[in-house]
Amino acid sequence: MEGSEALKMYVLPFPSPGHTIPLINLAQILALKGHHITILTTPSNAQVLPNNLNVHTFDFPSDQVGLPSGLENAASAGDSVTAHKILKAALLLKPQIETLVQQNPPHVLISDFMFRWSSKLGVPTLLFTPMPIFVDCLFLHTKHNNTHGIIVNSFEELEDGYTQCYQKLTGVKVWHVGMTSLMLNFTKKRACTSQKDQISEECLNWLNSKEPNSQQLEIAHGVEASGHEFLWVFPKNMHVEVEEWLPHGFEERTKENNRGMVVRGWVHQELILKHVAIGGFLTQCGWNSVTEGISAGVPLITMPRFAEQFLNEKLVTEVHKIGVEVGECEWSISSYDAGSKVVGWELIKNAVERVMKDEGGSLRKRAKDMQEKAHKAIQKGGSSYNNLTALVQSLKQKNIHG
């Protein structure tokens, strides 16, 4: 790209993985297309960003909200009080960001929608939402006015009808540019399989031995009782030992017949889901996980826990019918305030069996059809590819004409 055609963009992610990952993917896409990208973040959050992006850090106002130094991301919060303090501190970054924007203005600021004040900083602003527009349609009180539009990590074919509804009722332009993980891989002209890590490699080796398509205690009982093979990943930052959540002898039994694999630590989920041995994906319906499941063409087994995850579930199971609900999950406002109701293992077993048996193959066919649409959307001539091109062009025109 000619230097004179490149746009200077600031990108402001909210410090939580579900928000940050798709927005940083978009930032990398724009950088690869020749634009000048600077990520606005804090010291601890900067440490996990890709090395190919410019970063400008601000002091995280930990002392103003009573947080220890270095605790700057919602992923590190162990309770709702700490999570709220991180949110409050993130919003208190406004004066520092405002000063930067005034002294060194960009052509455009792409901000997470959590920073509602970002649209009042005096520069063209796009708000990024980590949720599908399907969810925003149901929360129309959350209007993103005074912006150049809202960027969504989804694609038009997945939200046909809901996009038009949102735009008509709010007057705000919707820019579908997803799935950003797929588009990033396409833009780089390489597959994500080059990003293997040791744990993911072990998972893949185990999956290679399997045939194609083949609340923790109850989940364990459910998947074990289903009789199907499974790969179960636990995060490293759990506040209790995995063994306390599993039935006695669970790992030993599944190892004996090589029917299951329990993993502790991060794995490349996108890479795992693409493996031919994966026949279904039990997910709590965070949007990033849903998009990765769709991108892999894998039927979903939905077990939402909080917030908009229940609405994501409806888009998957009722609108597009590419997943099966476990059912009877209790809604809560956040992951730290989960309800006391425990979903029985029988429901989990039944949902797993419905997906794996897939009578008539219609569920898997719909999942594969949606996968094909997702991949077409990010390629040249596809809806997301064209949307991103049109978005950049409109920003150039806005900067030319003011």
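Any read-out appearing in this document is the output of simple, stated calculations on the displayed coordinates, not a laboratory observation. A quick note: this is a predicted structure, and the numbers were derived from the prediction, not measured. All Cβ positions, glycine included, derive from the backbone under ideal geometry; neighbour counts span all protein chains shown.
Sort 43-55, 369-381, 6-18 for me by packing, meaning the mean count of neighbouring Cβ atoms within 10 Å per residue, highest on top.
Highest mean packing first, the order is 6-18, 369-381, 43-55.
Within a 10 angstrom radius of the beta carbon, how do 232, 245, 117 rank from fewest other beta carbons to most?
117, 245, 232
Using Cβ contacts closer than 10 Å as the measure, can you line up 186, 155, 234, 128 from fewest to most?
With the sparsest Cβ surroundings first, the list reads 234, 186, 128, 155.
What percentages make up the Cα-Cα pair-distance distribution of region 192-375 when the bins are 10 Å wide from 0?
9, 36, 41, 13, 0
Considering the options 297, 267, 323, tell which one lies farthest towards the positive end of the dipole of region 192-375, charges being +1 on Lys and Arg and -1 on Asp and Glu at the Cβ, about the Cα centre.
Checked the options; the winner is 297.
Need the full-extension length gain, residue 63 to residue 202, defined as separation in residues times 0.36 nm minus the C-alpha distance. One decimal, nm.
45.8 nm
In deg cm²/dmol, rounded to 500, what helix-only [θ] at 222 nm does the chain give when every DSSP H run of at least 4 residues adds -39500 (n - 2.57) and the total is split over its residues?
-12000 deg cm²/dmol
Listing 318, 330 from the residue with the fewest other Cβ atoms within 10 Å to the one with the most, what is the order?
The order, fewest Cβ neighbours first, is 318, 330.
Of 232, 367, 344, which is farthest towards the positive pole of region 192-375's charge dipole, taken about the Cα centre with +1 and -1 on the beta-carbons of Lys, Arg and Asp, Glu respectively?
The residue sitting farthest along the positive end of the dipole is 367.
Using unit Cβ charges (K, R positive; D, E negative) and no other charged atoms, how large, in debye to the nearest 20, is the dipole of region 329-379 about its Cα centre?
Dipole magnitude for region 329-379 comes out near 320 debye.
Can you flag which of 85/168; 274/396; 255/341; 188/210; 8/94 are past 27 Å Cα-Cα?
Correct reply: 85/168; 274/396; 255/341; 188/210.
Determine the dipole magnitude for the chain: charges of +1 sit on the beta-carbon of Lys and Arg, -1 on that of Asp and Glu, nothing else is charged, the reference point is the Cα centre, and the result goes in debye to the nearest 20.
Dipole size: approximately 1480 debye.
Can you compute the FRET efficiency between residue 376 and residue 165 using 1/(1 + (r/R0)^6), with r the Cβ-Cβ distance and R0 = 22 Å? Round to the nearest 0.05.
Taking R0 as 22 Å, the efficiency between residue 376 and residue 165 is 0.40.
Give the residue from 19, 285, 220 lying farthest towards the positive end of the charge dipole for the chain; charges sit on Cβ (+1 for Lys and Arg, -1 for Asp and Glu) and the dipole is referred to the Cα centre.
Positive-end residue among those listed: 19.
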